[in-house]
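K.L.:
Input: one structure, supplied below.
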Amino acid sequence: MFSEVNVRVYENLVSLLLRLGKKEEALEYIERSRSKTLRDTFLKSGITSFDEKTRGLLTLYDELSRKEASINYELVSEKGKPTPNLEKVDNLVKTLAKTRKDFTKVTSKLSTEHPDIYKLLSIQPGTFLDLEKKNKLPSNSVFVEYFITDKQTYIFLMSDKDLIVKRVSVTKEELNNEVSSFREIVQKNKSIPSNAWRDNGSDKYDDNIKPFKDVSIRLYRYLLDPIEDEIKDADIVAIIPFGSLHYLPFNALAKESSDGGLEFFIEKKGLVYLVSTSASYLDLVLRNGKKREIGSVVAFGNPDLGEPELVLPYSEEEVLVIKEMFPNATVFLKRDATKDNFKRSWGKYEIVHLAAHGLIQEDPSILLAPIGSGSLTLTDITGLQPARNTQLVVLSLCDAAIERNGSNPTGAELNSVALAFSSVGASSVIASLWRVDDRATSQLMKKFYRNLKIEGKFNYEALRKAQLDMLKRSDKYSQPFYWAPFVLVGVWE
């Protein structure tokens, strides 16, 4: 996986470039570090198209990319000295030119011999700024990309008009700890109605509610306060997280309201997530995302896994409600909810809904029937024939959760699933950031589809309204634990 040495190379170079005001170049190196993390995840998953020759080519690409970044850092640092060593500068310039030439050759070979892998793994050079020149970016949106280092955090704000960079004095270790605390406290509070946000002097408030308020407000102050002026006129905020921020639902970050309660970010803005701002990825999702009327739906629910404790009655009910709202929908339940039926259905429907057990981890899998051979993996997904009609894949997986990756979380688990589906034609994916029980998931999904069908909402609006409806309830389901983890990755219309 992406070693600490490699991480440090990119962190150092990005920080140096930003100090020198070279924000566009810094953004390009951030995207390189993202693509490396994704490649590691796909390689580890054992995708069959990665034979030994291809793996060797990808390894060489990564080695040259890291070497180029390291030499560039040394060169820029030397040039920035009051009295640079001109001989050293000259040697570094020559070495950098040769490394870039070798790097270009490998990149060209990958694009020619393995175009699918080249696009899938965001290797294609270029960033958001290339798309800006093509006027492809929605005018009502702001893209917010985070980059976290050992010393501080950078926030890139990108619109169809400008690129702005903000610096925040919060370290990687501090943010990792805050995100971990947030997730732990959210799960601890899952049985407490949210009308208890205000301080009532009780022990329950001090022990449970106040810790959540404090960590949510702190994270809002670090991550959203610095950009409030820049995003105030945007309808959509597209978040490109970094590291541990992939495990954080930005929709549940909050400011304290005037009456002592909480005002959540979801109450102010529409929110989506993106895998990266590389030109190849954005070309992919923006091309896929031409809005059409919702037509065909296929739904899989409560797969028969042969064990009573694995039965999901509410997921079956969820699928039947979808059938009721979309009478022409095709549904597969229990023994019919198989991987073979999923593969046969792929590409024929605009919405694909999976209500099952699953785990989004280093090697993601969705458990379809039959038990043992029904797991849908990254290999299966990327092996599907590209679909022209699929607008949305909904992973209503009651056991799905992003599993944090040790002390250096990367977020590649969710990104790899979203990127895999987008590579075979899906415009967007809805998934969960932690385990949510069967009943709560079913309730939220019913609201989501009702918003899509009856109110004609866009994907992000339908999900947001469903989450807001749950937030406004007076029972335990108003807690962020039940509605906040569901995120939309990709195209929002």
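K.L.:
Any residue in region 269-277 that is modelled with pLDDT of 90 or more, out of contact with any Ser or Thr (no Cβ under 9 Å at 6 or more places or on another chain) and aromatic (F, W, Y)?
P.N.:
Checked region 269-277: at least one residue is modelled with pLDDT of 90 or more, out of contact with any Ser or Thr (no Cβ under 9 Å at 6 or more places or on another chain) and aromatic (F, W, Y).
K.L.:
Are any residues in region 245-275 in a loop (DSSP other than H, G, I, E, B) and within 12 Å of the chain's Cα centre (by Cα), and if so, which ones?
P.N.:
Result: L248, P249, L274, V275.
K.L.:
Is there a residue being basic (K, R), assigned to a loop (DSSP other than H, G, I, E, B) and at pLDDT 85 or above anywhere in region 280-299?
P.N.:
no
K.L.:
Taking the conditions exactly as written (charged (D, E, K, R), assigned by TED's automatic domain parsing to the domain that holds T107, in contact with a strand residue (DSSP E or B) (Cβ under 6 Å, 6 or more places away or on another chain) and modelled with pLDDT of 85 or more), does K67 satisfy them or not? I'd like the intermediate steps shown before the answer.
P.N.:
Working: charged (D, E, K, R): yes; assigned by TED's automatic domain parsing to the domain that holds T107: yes; in contact with a strand residue (DSSP E or B) (Cβ under 6 Å, 6 or more places away or on another chain): no; modelled with pLDDT of 85 or more: yes.
No: the conditions fail for K67.
K.L.:
Sticking with this structure for a sec: Just checking, how many residues over region 117-173 are modelled with pLDDT of 70 or more, exposed (fewer than 15 other Cβ atoms within 10 Å of the Cβ) and assigned to a helix (DSSP H, G or I)?
P.N.:
1
K.L.:
Give region 367-383 a look and list any residue that's over 21 Å from the mean Cα position of the chain (by Cα) and among the aliphatic types (A, V, I, L, M), or say none.
P.N.:
L367, L368, A369, I371
K.L.:
Restricting to region 245-261, count the residues that are of a type outside the set (D, E, K, R) and at pLDDT 90 or above.
P.N.:
We begin by selecting, within region 245-261, every residue of a type outside the set (D, E, K, R); these are 245-254, 257-258, 260-261.
Subsequent filtering for residues that are at pLDDT 90 or above retains 245, 248-254.
Going through region 245-261 one residue at a time, the tally reaches 8.
K.L.:
Scanning region 50-80 for residues that are farther than 18 Å from R8 by Cβ and among the aromatic types (F, W, Y), which turns out surrounded by the fewest Cβ atoms within 10 Å (Cβ to Cβ)? Break it down stepwise before answering.
P.N.:
Quick first cut of region 50-80, residues farther than 18 Å from R8 by Cβ only: 50-61, 78-80.
Now drop any that are not among the aromatic types (F, W, Y), which leaves 50, 61.
Working: F50: 19, Y61: 21.
Only one residue fits best here, namely F50.
K.L.:
Can you tell me which residues in region 448-462 are in contact (Cβ under 8 Å) with a residue 12 or more places away in the chain and surrounded by fewer than 20 Cβ atoms within 10 Å (Cβ to Cβ)?
P.N.:
The answer is R450, K453, I454, F458, E461.
K.L.:
Could you tell me whether region 21-29 includes any residue that is in contact with a helix residue (DSSP H, G or I) (Cβ under 6 Å, 6 or more places away or on another chain), over 21 Å from V106 (Cα atoms), part of a helix (DSSP H, G or I) and at pLDDT 90 or above?
P.N.:
Looking through region 21-29, at least one residue is in contact with a helix residue (DSSP H, G or I) (Cβ under 6 Å, 6 or more places away or on another chain), over 21 Å from V106 (Cα atoms), part of a helix (DSSP H, G or I) and at pLDDT 90 or above.
K.L.:
Name, by its number, the condition in (1) within 17 Å of W197 (Cα to Cα); (2) touching a strand residue (DSSP E or B) at 6+ places or on another chain (Cβ under 6 Å); (3) in contact (Cβ under 8 Å) with a residue 12 or more places away in the chain; (4) of a type in the set (G, A, S) that does not hold for S257.
P.N.:
(3)
K.L.:
Is it the case, given these coordinates, that S216 is assigned to a loop (DSSP other than H, G, I, E, B) and surrounded by 20 or more Cβ atoms within 10 Å (Cβ to Cβ)?
P.N.:
No: the conditions fail for S216.
K.L.:
Now a separate question. Kindly indicate whether any position in region 82-100 is out of contact with any helix residue (DSSP H, G or I) (no Cβ under 8 Å at 6 or more places or on another chain), part of a loop (DSSP other than H, G, I, E, B), at pLDDT 90 or above and not aromatic (F, W, Y).
P.N.:
yes
K.L.:
Now a separate question. Taking interchain pairs and intrachain pairs at least six residues apart, which have beta carbon atoms under 7 angstrom, with the first residue in region 324-336 and touching a residue at least 40 places away in the same chain (Cβ under 8 Å) and the second part of a helix (DSSP H, G or I)?
P.N.:
M325/Y449; M325/R450; M325/K453; F326/K453
The values are calculated or read from the model by the stated rules, or taken from the named source; none is laboratory data. Since we're looking at a predicted model, the values are computed, not measured. Here Cβ is always computed from backbone atoms with ideal geometry, including for glycine, and neighbour counts include all displayed protein chains.
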